[in-house]
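Working notes, structure below.
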Amino acid sequence: MNKSVQPGVLIISHGSPDPEWAKLVDGTVSELVELLPDGISVEAVFLDNQEGRLIQDGINRLEAQGITEIIVIPLFVSSGSTHIDEITYALGVKSTPEKETDMERLRISARVFLGVPVHDDPLIAELVWDKVKGLSKHPEREALVLVGHGSRHDGFKQRWEEGIAALSARIGEISGLAAADYALLNPDSLRSQVSRYTGEMGDGVIVAPLFLSAGYFTKRVIPERLKGLRYRYSGEPLLPHPLVARWMYGQILNIMRSVNN
């Protein structure tokens, strides 16, 4: 990255028909802009559901400003998401996708520097614990089960498991909990995991969703699958929280430093 050039930043997230979803992302991006050096243009774009704010729209707006180098931050919780594979392919970072996709190559002239999703970032471990620690009474006698969407596709499933296992371990280290583990909705291991820990901890089981925003999975799927079990659950997703902006900020600075050195 040329030191005389200010890069543009493209934040990509999934999107939703719910307008509150985009507002949460926009609020976090506003926090990010406050942290970044002056003069860096930031575009928040979505895979779907947001007319005029799709990935190509954001690229077009950045390139129209003369920006020739774009740092892309995928605002997703797992490197096991098939969307990460699609985005990487569409941006031209890799020649073929691992899984068949309808997503076409994007028109882009700028050089792309691609960041990574949450995976097991320490700041996000701190964030998850901050969201649920109010539910904890005696952490030394409690267990946390971190719940993610997951994937059935070979390769993607393993990356989901690797990331969420490492993230739950980080939460265990900072929280003082007796145990910190994970469960996935797909393939479904949620009820069996929570049942196992209620057998060991009684009512000392905290369930935390690893989802960017509240919605169908956090409000309906998780509670329905745990019907009849004893557990504590706030249903709070990652957003809103200032540590999400700090996580993105750290990535952007690291990419800028690594390319400039």
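The values are calculated or read from the model by the stated rules, or taken from the named source; none is laboratory data. Here the structure is a predicted model, which is why all the values come from computation and not from measurement. Every residue, glycine as well, gets a Cβ built from its backbone with ideal geometry; the counts of neighbours run over all protein chains shown. The area values use the complete protein model at the heavy-atom level, side chains included, leaving out ligands, DNA and RNA. Shrake-Rupley method; radii C 1.70, N 1.55, O 1.52, S 1.80 Å.
For the chain, with equal point scatterers placed on the C-alpha atoms only and solvent neglected, what are the log10 I(q)/I(0) values from the Debye formula at q = 0.09, 0.10, 0.16 1/Å, to two decimals?
The calculated log intensity ratios at q = 0.09, 0.10, 0.16 Å⁻¹ are -0.42, -0.52, -1.20.
Hydropathy first: keep DSSP H helices in the chain averaging at least -1.0 on Kyte-Doolittle, then drop any whose Cα extent along the axis falls short of 20 Å, and list what survives.
Details: long enough: 19-35 (25 Å, 0.21); 156-175 (28 Å, -0.24); 242-260 (27 Å, 0.32).
What comes out of the filter, once short or polar helices are dropped, is 19-35, 156-175, 242-260.
Roughly how many debye, to the nearest 20, is the charge dipole of the range 3-145 about its Cα centre, given +1 on each Lys and Arg Cβ, -1 on each Asp and Glu Cβ, and no other charges?
Values: 13 positive and 24 negative charges, 51 e Å.
Roughly 240 debye for the range 3-145.
With each run of n ≥ 4 DSSP H residues scored as -39500 (n - 2.57), what mean residue ellipticity at 222 nm is computed for the chain after dividing by its residue count and rounding to the nearest 500 deg cm²/dmol?
It comes out at -12500 deg cm²/dmol, rounded to the nearest 500.
Show log10 I(q)/I(0) for the range 27-77 at q = 0.30 Å⁻¹, two decimals, from a solvent-free Debye sum over equal Cα scatterers.
Treating every Cα as an identical point scatterer, log10 I(q)/I(0) equals -1.33.
Taking 25 °C and 0.890 mPa s as the conditions, I'd like the Stokes-Einstein D for the range 72-131 in µm²/s, using the Kirkwood hydrodynamic radius from alpha carbon pairs. Write out the running numbers ahead of the final one.
Values: Rh = 12.8 Å.
Once the numbers are plugged in, D ends up at 191 µm²/s.
Most fluctuating residue of D26, D38, D120 in a GNM of the chain with Cα springs under 10 Å: which is it?
Its mean-square fluctuation being the largest, the pick is D38.
Going by amide H atoms built from the backbone, whose H comes under 5 Å of the H on R111, apart from near neighbours?
The answer is E69, I70.
When the convex hull of the Cα atoms of the range 196-261 is projected onto a plane and the area is averaged over all directions, what value comes out in nm²? Numbers along the way, then the final one.
On the way: hull surface 26.2 nm².
Reported value for the Cα convex hull: 6.6 nm².
For the range 14-128, what is the accessible area per residue in Å² when the probe is 1.4 Å? Each step should come with its number before you reach the end.
Details: 5440 Å² over 115 residues.
Per residue, the range 14-128 has 47 Å² of solvent-accessible surface.
Between the DSSP loop rule and a limit of at most 10 other Cβ atoms within 10 Å, which GluC sites (Glu not before Pro) in the range 64-172 are left?
E100, E104
Search the structure for amide H atoms under 5 Å from the amide H of R232, placed 1.01 Å from N in the peptide plane, and list their residues when 5 or more places away or on another chain.
It is V205, I206, V207, by chain and number.
Enumerate by residue number the trypsin sites (Lys or Arg not before Pro) in the range 7-86 meeting two conditions: DSSP loop (anything except H, G, I, E, B), and at most 16 other Cβ atoms within 10 Å of the site's Cβ.
Working: sites: K23, R53, R61; in loops: R53.
Of the trypsin sites (Lys or Arg not before Pro), not one in the loops of the range 7-86 has a Cβ with at most 16 other Cβ atoms within 10 Å.
Between K133 and D102, what is the label-to-label distance in nm when each label sits 7 Å out along the Cα-to-Cβ direction?
According to this spin-label approximation, the distance is 4.4 nm.
Rounded to a whole number, what % of the accessible area of the chain do carbon and sulfur atoms account for, probe 1.4 Å? Please list the in-between numbers first.
Numbers: 5730 of 12030 Å².
C and S atoms contribute 48 percent here.
Of all DSSP beta bridges located in the chain, what percent are antiparallel, nearest 5? Don't skip to the end; give the middle numbers.
Values: 1 of 29 bridges.
Antiparallel: roughly 5 percent of the beta bridges in the chain.
Under the Karplus relation 6.51 cos²θ - 1.76 cosθ + 1.60, θ = phi - 60°, what is the ordered set of whole-Hz ³J(HN,Hα) values for the range 178-185, x standing for Gly and Pro?
Along the range 178-185, the couplings run 5, 8, 9, 9, 9, 9, 10, 7 Hz.
Do any trypsin sites (Lys or Arg not before Pro) in the range 217-261 lie in a loop, going by DSSP, with at most 14 other beta-carbon atoms within 10 Å of their beta carbon, and if so which?
Details: sites: K219, R220, R225, K227, R230, R232, R246, R257; in loops: K227, R230.
Passing both the DSSP loop test and the Cβ count: K227, R230.
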